[in-house]
Structures are given as structure tokens and as C-alpha cells.
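Q: The structure under discussion is supplied below as C-alpha cells; questions concerning it will follow.
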Amino acid sequence: SNPIGIANGTSEVVFKQTAHGALVGDRFTFLSISADFTANGITRAELLNGYLTATSTQGFEITRVLSPDYFEFDVPGGSGTNDNTTLTTSLSTSATTVELAGGSFSAADIVKIGSEYIELGSKSTDTYSASKRGQLGSLADSHPSNSLVSKVSFFGTDVFALYDMSAEKTTLTVGSGF
């Protein structure tokens, strides 16, 4: 599956890596991404640039760990739109019906509202029933009407990545072999 999700009409990226073990503050670098793409102002080349540019802080800093399988990071310079709309009614933490103000969304699309990822359910016009809340390891949260709703588009095949764990956040010792 495609592990790179471009979200929220800005520079936010969600990445799927099963049992990653990463912590907030760790550095993450893409070594290889087979498929070319441009989404939301972020390109394959830009994601690979963290590795190709020699600096003392190579890669992207992990800003949020969602679960053992998903984390987020920001790519400076991301911009544009990525199928954005707004909520027409508020959502409580337990609501499963999501009402949108238009947009090109389909059942089973993943959207981001605030810090929550939601899988849209059955579609009737711009209303999605039986939506799955708190996806990708995020937590269901309440959202007021007119909240920004952004489609998350997933890309990337044959992705290889490298982690640079923050020394102050691990229990590894010098000479541990890692």
C-alpha cells in the first residue's frame, strides 16, 4: 500500500511504518521512493531532499506519533489545496455522520479534521453515514461546524526510510551496535 499521506492543505505528512518505534523529536529520512508524485505542493524530490542534502540535521523531525504504525512530520514549503472543504454541522466525539459543504470526496476516503483522521462512510449527497472515527491511531474529538476538512491522499511505493533516534530519548548506550 501507499504509506505517504499528504494532509491538510499545508505541509503535514502522515507516514505508515508498521511497528516503527519512533518518538517525537526523532529524525526521519527517505532513502528511496519508487513512484513519482506531486501533492499539495510537496514532491517526491522534496521528500528525498532530506537525505540528499548534507546537513547536521538531515531529514524531517517527527512531530506527532499517532500509533505504533503511524506518525506525522512537516515538510517546509508545502502549500496549495488538497480537496479541502468544511463541516456543515458540528461533530461530537461519538458522532458517525459527517456532513460536508461539498468537495470531491467518496466513501472510504480518509479526511483530517483538526488532529483527527476519519474514514468517510456511506455517501448520500454530501453526508457520510457510518464514518469511522479516530483512524490511523488518532483520537476521536469534537469539531465545530465550519471546521476545515482535508482529504488525505496516499502516495509512494517501495519506500525505504532511515530513522535517527534522538539520543536523549532512547535507552541505547554508546557502543550498543545500533
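Q: Under the rule a/c < 1.5 gives rounded, and otherwise a/b versus b/c splits prolate from oblate, where does the range 79-149 land using the Cα gyration tensor?
A: Rounded, since a/c falls under 1.5.
Q: Quick one: net charge around residue 11, please, counting Lys, Arg +1 and Asp, Glu -1 for every other residue with C-beta under 14 Å from its C-beta.
A: Here the charged neighbours net out to -3.
Q: Return the distance in nm (one decimal) between the two label points of a simple spin-label model at residue 45 and residue 115, each offset 7 Å from Cα along Cα→Cβ.
A: 3.5
Q: Further, regarding this structure: Please work out how much length the chain gains when fully extended from residue 23 to residue 86, using 0.36 nm per residue of separation minus the C-alpha to C-alpha distance, in nm with one decimal.
A: Value of the extension gain: 19.5 nm.
Q: Follow-up question, since we're still on this one. Please list the non-local residues whose amide H lies under 5 Å from the amide H of residue 149, H modeled 1.01 Å from N, same-chain partners needing a gap of 5 or more.
A: For residue 149, whose amide H was placed from the backbone, the distant partners under 5 Å are 85, 86, 87.
Q: If I model a spin label at residue 34 and residue 107 as a point 7 Å from the Cα along the Cα→Cβ vector, what separation in nanometres do I get?
A: Taking the simple label geometry, residue 34 and residue 107 are separated by 3.1 nm.
Q: Over the range 75-149, average the accessible area per residue using a 1.4 Å probe and give it in Å², no decimals.
A: Heavy-atom SASA per residue in the range 75-149 reads 45 Å².
Q: Stretched out fully, how many nm does the piece from residue 64 to residue 154 gain, at 0.36 nm a residue minus the Cα gap?
A: The residue 64-residue 154 span can extend by a further 30.6 nm.
The values are calculated or read from the model by the stated rules, or taken from the named source; none is laboratory data. All figures in this text were calculated on a predicted structure; none of them were measured in a lab. Note that each Cβ is placed from the backbone with ideal geometry, even for glycine, and that neighbours are counted across all protein chains shown. Surface areas here come from the heavy atoms of the whole protein model, side chains and all, with no ligands, DNA or RNA. Shrake-Rupley method; radii C 1.70, N 1.55, O 1.52, S 1.80 Å.
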